Amino acid sequence: MSDEILFELKNVAKKFVKGTESIAVFDNLNMSIKKGDFLAIMGPSGSGKTTLLNLLGGVDKPTAGEINFDGKRVDTLSEGQLAAWRANNIGFIFQFYNLMPMLNANRNVELPLLLTRLGKQQRKKNVAAALELVNLSDRARHMPSEMSGGQQQRVAIARALVSDPKLLLCDEPTGDLDRETADEILGILQLLNSKFGKTIVMVTHDPQAAKYAKRTLHLDKGQFVEKDLAA
Amino acid sequence: MGSLLSQIWTVIVMNIRSLPKRLWMSLAAVFAVSVVVAVLLSFLAMANGFEQTLAGTGSEKIGIISRKGSRSELNSTVSRDNINILATAPGIARDADNNPVYSAELYVIVNGIKRTTQTEVNLPLRGISLGGFELRDTVEIVAGRQFEPGRNELIVGQGVLAEFDGFELGREVRFGKTTWKVVGVFSTGGSAFESELWADALTVQTQFQRGTTFQTMRVLLEEPGNIEGIKQLAEDDPRMNLDVETEAAYFAEQGSALRGIVVFGWGLSIVMALGALAGALNTMYTSVASRGTEIATLRAIGFSNMSAFFGTLAESIVLSIIGGIVGALVSYLFLDGVTASTLGASFSQVVFDFQMSPQLFKNGIILALIIGLVGGVFPAWRAARLPVTLAFKNSM
């Protein structure tokens, strides 16, 4: 893990307003993530794990405070700028894979590359490389419905990393899988971190999954409860 | 820009490919649009066929002279004296014997029975001089023979034979106290004359007690469209109170009688289109709801909200255009060429064919396109505004 900071949250607050009621998920939250880190975020339901993931992924904005990524402030970007930023920097892995059911594995993995200037041949090469990395070359033309949950999640991982993002954000990546398959998926994530230096943030309920991470933060009521783990 | 287009294209392809997932809802939208388009095209094809029939009836080579302001042959009278004077007008073509080519004609209404409904309708019986055949070079006797002057003999148009009972070759028909025999069937290439019965003008004059008057005079023009010589003569002579126009202009005016049908057709179709629009909106909102996670996932990956907008809009347009094409094809298959008859400007039946045309087809597709656009734009807006956080909705 490098000493360079990839993500930094400063005094971040997040409130949700419903009618006249205001619910504060975070208030004055601070944290940083270094390049090459593999961070597991755990906590009970309602603790703010997904909200934190949304803020890190630029799909939601803080009510106050600032979020810096690679030295640049991102919470002030417009919707369109955030979409471009996500395309260039973030790979998402979802609990239920979120593959496009009408596209085969190849086409699913290719999706992020459609946002780049790469030509068709180069896209094809990158897709093949990503699928090979997750040991799914033989399923390239299979539709999601023709694959097991573990295989679908591997396609989702290939999709997340095919455009070589700086950060992989994983939302309960093994929540829908049996233990054996979950270990297989977590092994791939660990490999991506240790061998390819990918920074990974993983939200999980599963302590076994968290063991694959380099460090674990516990969230409760919008605060990191093991303060020594929060930067 | 290229990236935006490829994003939009990808979303469009995904949406279209996922249509089978919403098969019945999509089919309902297609059906609604197809019905609207079919109804519209039915009206337009009817009006088009009627207009084409009448437009094809008139010739620029023929001048028609009728009483001023009569607007239809039925209301017109032209005296024998006037006809004799007008026959000397400049601009009328002459035959091999240097006689002017013209036909003094009568136009009376007789009864017929419409084959499809077995109802009594008005049919035009045209009394025609022999010069009338020289004038109309499209006339062809397709069965039987020509009527003989001075005898109660009829020849009937092909349209009459097809649409009305009792005019088969050899049959005798009774009009009032007189009996006529059908001796021939004629064709004029599909014009409104085929909706008529023809007989000798002087015999009609006698049998229908018209004295010495006729209703119109038709002349063969030396130069197509040039009626100036005849017009001048009619205007200069104080004894005459006549309109002179080309036959083409006369029938074009008559053809506009169904313009109201076109307006009605559009009006009805627009009202029905509102229903189809509701169907399209419902389908597309359902589509957006069922693809919410997919749309949000694409947005999370970095696809722009424009791609979600245009992808949804394209789905709506595709469904509507399919509906439009189906509606147009149904109209074409079931209506194009179907023979019908309706009351013309002379209160007599005009037989015509429903006629589809590329222009009408285009009108139907444009209507479908409008339904697709309006029915898609609001759901597309919703798709574009879906929160990206929806991609994570199944977690946590």
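Okay, here's what the table says:
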{"item": "Helical mean residue ellipticity (222 nm; -39500 (n - 2.57) per DSSP H run of 4+; nearest 500) of chain B", "result": "-16500 deg cm²/dmol"}
{"item": "B:K177 versus B:T212: modelled label distance in nm, points set 7 Å from Cα along the beta carbon direction", "result": "2.4"}
{"item": "For peptides B:380-388, B:121-129, sequence by mean Cβ density within 10 Å, most packed first", "result": "B:121-129, B:380-388"}
{"item": "Added length on full extension, which subtracts the Cα-Cα distance from 0.36 nm per residue, A:Q208 to A:L191", "result": "4.5 nm"}
{"item": "Exercise: per-residue mean of other protein chain Cβ atoms within 10 Å, A:157-169", "result": "1"}
{"item": "Karplus (6.51, -1.76, 1.60) ³J(HN,Hα), θ = phi - 60°, over the stretch A:179-187, in Hz, Gly and Pro reported as x", "result": "4, 4, 5, 4, 5, 4, 5, 5, x"}
{"item": "Per DSSP, loop trypsin sites (Lys or Arg not before Pro) in the stretch A:114-186 with at most 11 further Cβ within 10 Å", "result": "A:R117, A:R141"}
{"item": "The stretch B:187-257: trypsin sites (Lys or Arg not before Pro) in DSSP loop, at most 12 other beta carbons within 10 Å", "result": "B:R239"}
{"item": "Within chain B, longest stretch clear of exposed GluC sites (Glu not before Pro) (DSSP loop, no more than 16 other Cβ within 10 Å)", "result": "B:223-396"}
{"item": "Peptide-level mean, for B:290-301, of C-beta atoms on other protein chains within 10 Å", "result": "5"}
{"item": "Residues of the stretch A:128-155 with amide N under 12 Å of a point placed 7 Å along Cα→Cβ from A:Q121", "result": "none"}
{"item": "Residue (of A:A84, A:M202, A:V12) at the positive-pole extreme of chain A, dipole from beta-carbon charges", "result": "A:A84"}
{"item": "GNM flexibility winner over chain B from B:G311, B:G176, B:G229 (Cα, springs under 10 Å)", "result": "B:G176"}
{"item": "Gaussian network model of chain A, springs between alpha carbon atoms under 10 Å - residue of A:M102, A:M31, A:M202 with greatest fluctuation", "result": "A:M102"}
{"item": "Length-normalised contact order for chain B - Cα pairs under 8 Å, 6+ apart - percent", "result": "29"}
{"item": "Residue among B:L135, B:L44, B:L27 with the largest mean-square fluctuation in a Gaussian network model of chain B, springs linking Cα atoms under 10 Å", "result": "B:L27"}
{"item": "Selection from B:S191, B:N241, B:I85 lying farthest towards where the dipole of the protein assembly as shown points positive, charges on Cβ", "result": "B:S191"}
{"item": "Two-site FRET efficiency, A:S32 against B:K21, from Cβ-Cβ distance with R₀ of 41 Å, rounded to 0.05", "result": "0.40"}
{"item": "Charge dipole magnitude, Cβ of K and R +1, D and E -1 - the stretch B:69-240, Cα centre, debye nearest 20", "result": "660"}
{"item": "Simple label model, 7 Å out from Cα along Cβ direction - B:R80 to B:T116, nm", "result": "4.3"}
{"item": "Spin-label model distance (nm) - B:L333 vs B:Y285, 7 Å beyond Cα toward Cβ", "result": "3.3"}
{"item": "Rounded FRET efficiency, nearest 0.05, which uses the C-beta distance separating B:I366 from A:I23 and R0 of 60 Å", "result": "0.75"}
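Only the coordinates and a few stated rules stand behind these numbers; no lab work does. Everything quoted here is computed from the prediction, not taken from an experiment. Please note: Cβ atoms are built from the backbone with ideal geometry, for glycine as well, and neighbour counts cover all protein chains shown.
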